[in-house]
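A.B. asks: Let me begin by handing over the structure; questions about it come next.
None of the figures in this text is laboratory data; all of them are computed from the coordinates on show. Please read these numbers as outputs of a predicted model, since none were measured by experiment. Counting neighbours? That spans all protein chains shown, and the Cβs are built from the backbone with ideal geometry, glycine included.
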């Protein structure tokens, strides 16, 4: 099966398993930007709890830019890496106001100039806010795409992004990456994947290899 054909099947099955893709709650462009920054090494559920407090206390970009960094840090502490994230939120709010007229920019080049924003966050903003095709190559995406044989680029986010862009339909790219996150947390976990419950096991290169090893091992055992 060609990678493009397999990619289409993966999209279809994960869409059935996870009808809703993005689980971060945000009403404004900058809220999604900062929520994505907070989601690094943190669950979306916890981020949503934290941003509900943060954006209630500081309901505008201006108020975030003027907020004491220590206060932001205290609010976002449950998300981990809170000092760095608080600094990025404050500096990011200032930069969006002073350099982009209070609007989150819509190009990769400009987004990457905002503190704490890498290609993963930039691609999410480009897709979810501006509707551009984009691959969000986070740890779940890279791991699962590799297991399925959709990419052979390992843990290089840029190379994985480019590989998947070639085989996934543009309109499905961003949603698939969101679903990879859900799938990676529910079923295809890093430490103990639930292969018996996996809707993609017949498409999985890693699973096929594991099955072959088991058969070879069983065949090598002497008959009783």
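A.B. asks: Kindly provide the helix-only [θ] at 222 nm of the chain, computed as the sum of -39,500 (n - 2.57) over DSSP H runs of four or more divided by all residues, to the nearest 500 deg cm²/dmol?
C.D. replies: The helix-only estimate for the chain comes to -18500 deg cm²/dmol at 222 nm.
A.B. asks: Fewest first, what order do 112, 203 take by the number of other Cβ atoms within 10 Å?
C.D. replies: By the 10 Å Cβ count, ascending: 112, 203.
A.B. asks: Taking the 0 to 90 degree range and rounding to the nearest ten, how far is the long axis of helix 29-38 tilted relative to the main principal axis of the chain, both from C-alpha atoms?
C.D. replies: 60
A.B. asks: Could you tell me whether the stretch 40-149 comes out rounded, prolate or oblate from its Cα gyration tensor? Rule is a ≥ b ≥ c as square roots of the eigenvalues, rounded for a/c under 1.5, then prolate if a/b exceeds b/c, otherwise oblate. Mind dumping the intermediate values first?
C.D. replies: Numbers: a/c = 2.21, a/b = 1.33, b/c = 1.66.
Judged from the Cα gyration tensor, the stretch 40-149 comes out oblate (a/c at least 1.5, b/c at or above a/b).
A.B. asks: If you take the alpha carbon radius of gyration of the chain and divide it by 2.2 N^0.38 Å, what ratio comes out, to two decimals?
C.D. replies: The chain yields a ratio of 1.17.
A.B. asks: In which sequence would 39, 23, 63 go, from the one with the fewest C-beta neighbours within 10 Å to the one with the most? List each step's numbers first, then the result.
C.D. replies: On the way: 39 23, 23 15, 63 12.
By the 10 Å Cβ count, ascending: 63, 23, 39.
A.B. asks: Mark the label point 7 Å from the Cα of residue 169 along Cα→Cβ and return the residues of the stretch 1-36 whose backbone N is within less than 15 Å of it.
C.D. replies: The answer is 4-16, whose backbone nitrogens lie closer than 15 Å to the label point.
A.B. asks: Could I ask something else about it? Say we join alpha carbon atoms closer than 10 Å with springs in a Gaussian network model of the chain; which of 193, 105, 115 then has the biggest fluctuation?
C.D. replies: In this elastic network of the chain, the residue with the biggest mean-square fluctuation among 193, 105, 115 is 193.
A.B. asks: At a 10 Å Cβ-Cβ cut-off, how would you order 207, 130, fewest neighbours first?
C.D. replies: Final ranking by Cβ density, sparse to dense: 130, 207.
A.B. asks: Could you tell me how many degrees, from 0 to 90 and to the nearest 10, lie between the Cα long axis of helix 44-57 and the main elongation axis, the longest principal axis, of the Cα atoms of the chain?
C.D. replies: 10
A.B. asks: Could you work out how far helix 157-167 tilts from the main Cα principal axis of the chain, as a 0 to 90 degree angle to the nearest 10?
C.D. replies: 60
A.B. asks: Can you tell me how the stretch 139-184 classifies by the Cα gyration tensor, rounded, prolate or oblate, using a/c under 1.5 as the rounded cut?
C.D. replies: Oblate.
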